[in-house]
Amino acid sequence: MEDTYRLALSGTPGTGKSTLAGLLSSHDMSISNFEELARQAGALEEVDVTDGAHPVDMGILLQYINQKWQSAPLKAELIDGHLSHNLPVDAVVLLRCEPEIIRRRLNERGYPQPKVEANVEWELLGGAWNEKQNDTPWAEFDTSQVEPAIIVANILNWISDGFKPTSSEEVIDWVG
């Protein structure tokens, strides 16, 4: 395992991505924000009035990223964002959280109800897994009831273990 890599930190809004990114930044890891990368690439579209989100033109973003990331990063880089699993990274950390906890967190943030429901449904169905397109290693971490420091330790262990794939029994399924 090389010392430098690009790691996507993905998950439904409300799973704890930004909290964990902040904690991981103290472990000799640079942090990039997905939305900021999209802004730099000129890939952010106009705000969607129904949910207040900026849709991202992934074609433009991927073209920008492929030019920008032609060589390995100087140190480990974490890309924080709920669509970061769509980028050409070395591994993906997918944060999961019980849908009702996500509902509560997003309501506390003041998200519009349609956006809350869409994100709860996305989490319930494990939406990011439907977008997995290659053999990039993925690992899921349930943030529902676990302290962030413990999740960080588990992520760091997974990294130091060479991003070994998790078994299918460890995949989180809120439905069944």
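What follows draws every value from the coordinates through simple rules; no lab data is involved. On a predicted model such as this, the values are computed, not experimentally measured, just so you know. Note: ideal-geometry Cβ built from the backbone for every residue, glycine included; neighbour counts use all protein chains shown.
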Here, Val47 and Ser30, labelled 7 Å along Cα→Cβ, have an inter-label distance in nm of 3.0
For 92-100, 134-142, 66-74, ranked highest to lowest by mean beta-carbon neighbours within 10 Å, the order is 92-100, 134-142, 66-74
Per-residue Cβ contact counts at 10 Å, fewest first, order Thr19, Thr143 as Thr19, Thr143
Sorting Asn107, Leu125, Leu24 by the position of each Cα along the dipole of the chain (Lys, Arg +1; Asp, Glu -1; all at Cβ), the one nearest the positive end of that ordering is Leu24
If each K or R counts +1 and each D or E counts -1, the residues other than Pro55 whose Cβ falls under 14 Å of its Cβ total -4
Scoring the chain by relative contact order with C-alpha pairs under 8 Å, at least six apart, yields a percentage of 31
Using alpha-carbon positions, the gyration tensor of the stretch 13-109 gives root eigenvalues a ≥ b ≥ c; with a/c under 1.5 called rounded, otherwise prolate if a/b exceeds b/c, else oblate, the class is oblate
Output for the chain (equivalent-ellipsoid semi-axes, sqrt of 5λ from the C-alpha gyration tensor, Å, descending) is 24, 22, 15
The stretch 62-116, Kirkwood Rh and Cα Rg, ratio Rg/Rh at 1.12
Among GluC sites (Glu not before Pro) in the stretch 1-96, those in a DSSP loop whose Cβ has at most 13 other Cβ atoms within 10 Å are Glu2, Glu45, Glu46
